[in-house]
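Shown next, in C-alpha cells, is the structure this report addresses.
Just so it is clear, none of the values below were taken in a lab; they were calculated from the coordinates. In this text, all values refer to a predicted model and were calculated from it rather than measured experimentally. Don't worry about glycine lacking a Cβ; one is built from the backbone with ideal geometry, like all the others, and counts go over all protein chains shown.
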Amino acid sequence: MVKVLVTGFAPFGGEAVNPSWQAVSALAAGRDDVVAVELPCEFDASLPALRKAIEQHGPALVVCTGQAGGRPDVTPERVAINLVDARIPDNAGTQPVDVPVIADGPAAYFSTLPVKACVAAIRDAGVPASVSHTAGTYVCNQVFYGLMHLLATDFPGTRGGFVHVPYSPEQVAAAGTGAPSLDVSRTAGALAALVDTALAVTEDLAVPAGALH
Ligand code: PCA
C-alpha cells in the first residue's frame, strides 16, 4: 500500500542527471509504501504533474525533492514563498520573472513536515543536514508552494514538504569544480530517515535551528 509519494526532478541547467530523482527512485525501489514520480523542470508542467500523482496515489505524506547545487548538506525546507523569479530558463525555455506561483494565494506556506526532527534523524543516520529557510525562487520553490497550496485547499488530511539535496560526486567530477557533493546512496538514506520521521512524528522538536542570515 502506498503511503508516501516522493518526487524528484528531471536534469536541468545543462546537467546530465538530477540527484534528487536518482535518490528518490533508489528509495522507492526498496520500499512498498513509497512511490517515486519524476517531475519536469518546467514551470507550466510541474504542478499539473504533481496534482496528477497525488490524485493517482492518494498518499498520506508527500515529500518533493530537488537539486540545490553548491549546498553541502541535505536541507529540509521550512518556507515556500508565492514568488517566481527565474535566473535561468526552465527546460521548456520559459523564464518567468516576478510573478506569483498562485495568483491571490497567501504570501507563504510553512512545511507541514517536522523539519527539525527530520534534520536530527538524518544526522543520526550519519549524513549532514540542516534546516533551510529559503527554497529559492525557481521551479523547486514553485513546486513546494504549489504542493502546500494544493494540500491546504484540496487535500487537507495530507502532510507534505520539500527537501533540497546536494550535487552527486559524479556531477562535480564531470564539471571539474570543487563544489560540495553527497553520494546518491547517502542522499537516499537521508530521505529514508526523513520519511520515517515524518510518518512517526507530528509535533516538531523545540530546539533552535534558525539562521542568523
Ligand atoms: N532544482 C531546481 C529546480 C529543479 C531542481 O532539481 C531548484 O532548486 O529550483
- Query: Could you list, in sequence order, the residues of segment 130-167 that are more than 26 Å from Q95 (Cβ to Cβ) and either within 16 Å of the ligand (Cβ to nearest atom) or surrounded by fewer than 23 Cβ atoms within 10 Å (Cβ to Cβ) (or both)?
  - Reply: S130, V131, L151, A152, T153, D154, F155, P156, G157, T158, R159, G161
- Within segment 8-48, restricting to residues that are more than 10 Å from the ligand (Cβ to nearest atom) and assigned to a strand (DSSP E or B), the one that is surrounded by the fewest Cβ atoms within 10 Å (Cβ to Cβ) is E38
- Query: Can you tell me which residues in segment 79-128 are surrounded by fewer than 17 Cβ atoms within 10 Å (Cβ to Cβ) and within 15 Å of the chain's Cα centre (by Cα)?
  - Reply: F110
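State which residue is surrounded by the most Cβ atoms within 10 Å (Cβ to Cβ) when the search covers only segment 180-194 and only residues that are touching a Pro at 6+ places or on another chain (Cβ under 8 Å) and not polar (S, T, N, Q). Step through it out loud before you land on a result.
First pass over segment 180-194, keeping only residues touching a Pro at 6+ places or on another chain (Cβ under 8 Å): 180-184, 187, 194.
Keeping just the survivors that are not polar (S, T, N, Q) gives 180, 182-184, 194.
Working: P180: 15, L182: 22, D183: 15, V184: 23, L194: 29.
Checked segment 180-194; the qualifying residue surrounded by the most Cβ atoms within 10 Å (Cβ to Cβ) is L194.
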- Which condition number does A209 fail, the rest of (1) crowded, with 23+ Cβ neighbours inside 10 Å; (2) more than 16 Å from the ligand (Cβ to nearest atom); (3) among the hydrophobic types (A, V, I, L, M, F, W, C) being met? (1)
- Of the numbered conditions (1) more than 15 Å from the chain's Cα centre (by Cα); (2) free of Cβ contacts under 8 Å to residues at least 60 places away in the same chain, N18 fails exactly one; give the number of that condition. (1)
